[in-house]
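Here the structure comes first, spelled out in structure tokens, and everything after it is commentary.
The values are calculated or read from the model by the stated rules, or taken from the named source; none is laboratory data. From a predicted model like this one, the values you see are computed outputs, not experimental measurements. Here the Cβ is made from the backbone with ideal geometry for all residues, glycine too, and neighbour counts use every protein chain on show. Note: accessible area is taken over every heavy atom of the protein model, side chains too, but ligands, DNA and RNA are not part of it. Shrake-Rupley method; radii C 1.70, N 1.55, O 1.52, S 1.80 Å.
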Amino acid sequence: MTSPLDLIIFDCDGVLVDSEPLSIRLLVEGLASIGYAIDEATAYERFLGRSLSAVQAMLREELGFELPTERLEAMRISLFETYRRELKAMPGIVEALDGLRVPSCVASSSLPERVRISLEVTGLLPRFAPHIFSAAMVSQGKPAPDLFLHAAAEMGAVPSRCLVIEDSEPGISAALSAGMRVFAFLGGSHARRPGYRERLAALEPELVFDDMRDLPSLVEKAAGTPMDPRPLDGGGLGWG
């Protein structure tokens, strides 16, 4: 498929930053501390790409298990401390952003504070601020399309001319439901798990890639011709 692109929407966790192994590890530990045992494989399958609030809702609805508010807050604090010590930018992302000639933004399932910390500690915040959108800004997070549609509207972009870069099943489903094009990125540490590539490919994203350095050339091919920067009606200045 080739057609002009007005906006690239990046997920954050597992796309811009290699955070998913840290997040899942701390989630498993946090749940174990209040008596809910779950292994990492199951946690990846059930909760990858979802916000902590969404995880809480799933536990409540399916198992009648309630995460105490104070435990949720303790888990967030522990996660932020771990991010400050250990979180790294995704390999190749700086080179990819340098090579893109299309406005970009971030749309993440995480709370605004978590997204900001993730981008700040990895040096990526200046690349996107203030064009950073969180599931906290919409009524339904991924896999609903609300977040991506909100980001496109705020950036002044038509959904069909948006390209989403995602690494999770909920995120890919959300992009497709929003009527957007989507590339599945499998370069994060978590994407090496058995069967992960096959599950994402089954959702039929436009393509699957695992080296972020390839993104600029893939975007040019997807658009059909080399692209010049073009401003968006919504003041879309979030240049990669």
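Miscellaneous remarks
- Test: residue in the range 107-119 that is touching a Lys or Arg at 6+ places or on another chain (Cβ under 6 Å), closer than 22 Å to Leu72 by Cβ and without any contact (Cβ under 8 Å) to a residue 60 or more places away in the chain: no
- Search result, residues across the range 211-240 that are assigned to a loop (DSSP other than H, G, I, E, B) and modelled with pLDDT of 95 or more: Asp211
- Condition check for Gly171: small (Gly, Ala, Ser), under 14 Å from Glu206 (Cα atoms) and crowded, with 17+ Cβ neighbours inside 10 Å: yes
- Qualifying positions in the range 120-138 - farther than 21 Å from Ser78 by Cα and open to solvent by less than 10 Å² (accessible area, probe 1.4 Å): Leu124, Phe128
- Scanning the range 141-175 for residues that are among the aromatic types (Phe, Trp, Tyr) and out of contact with any strand residue (DSSP E or B) (no Cβ under 6 Å at 6 or more places or on another chain) yields a count of 0.
- Beta carbons closer than 6 Å, at least 6 apart along the sequence or on distinct chains, pair a first residue in the range 69-91 that is under 9 Å from Gly30 (Cβ atoms) and touching a residue at least 24 places away in the same chain (Cβ under 8 Å) with a second that is open to solvent by less than 80 Å² (accessible area, probe 1.4 Å) and β-branched (Val, Ile, Thr) for Arg71/Ile34.
- Of all residues in the range 96-119, those being touching a Phe, Trp or Tyr at 6+ places or on another chain (Cβ under 9 Å), charged (D, E, K, R) and farther than 20 Å from Ser168 by Cβ number 2.
- Unmet requirement for Lys142, which otherwise passes all of (1) open to solvent by less than 30 Å² (accessible area, probe 1.4 Å); (2) touching a Leu at 6+ places or on another chain (Cβ under 9 Å): (2)
- Within the range 182-200, if we keep just the residues that are open to solvent by 50 Å² or more (accessible area, probe 1.4 Å) and part of a helix (DSSP H, G or I), the residue that is nearest to Glu45 (Cα to Cα) turns out to be Arg199.
- Looking only at residues in the range 1-35 that are within 15 Å of the chain's Cα centre (by Cα), among the aliphatic types (A, V, I, L, M) and at pLDDT 90 or above, the one that is nearest to Glu166 (Cα to Cα) is Val15.
- Counting the residues of the range 43-75 that are open to solvent by less than 50 Å² (accessible area, probe 1.4 Å) and in a helix (DSSP H, G or I) gives 13.
- Among (1) farther than 20 Å from Leu7 by Cα; (2) open to solvent by 20 Å² or more (accessible area, probe 1.4 Å); (3) more than 16 Å from the chain's Cα centre (by Cα), the one test that Leu79 misses: (2)
- Residue pairs meeting the criteria (Cβ under 8 Å; at least 6 apart or on separate chains; first over 18 Å from Pro159 (Cβ atoms), in the range 178-205; second assigned to a loop (DSSP other than H, G, I, E, B) and among the polar types (S, T, N, Q)): Leu200/Ser168
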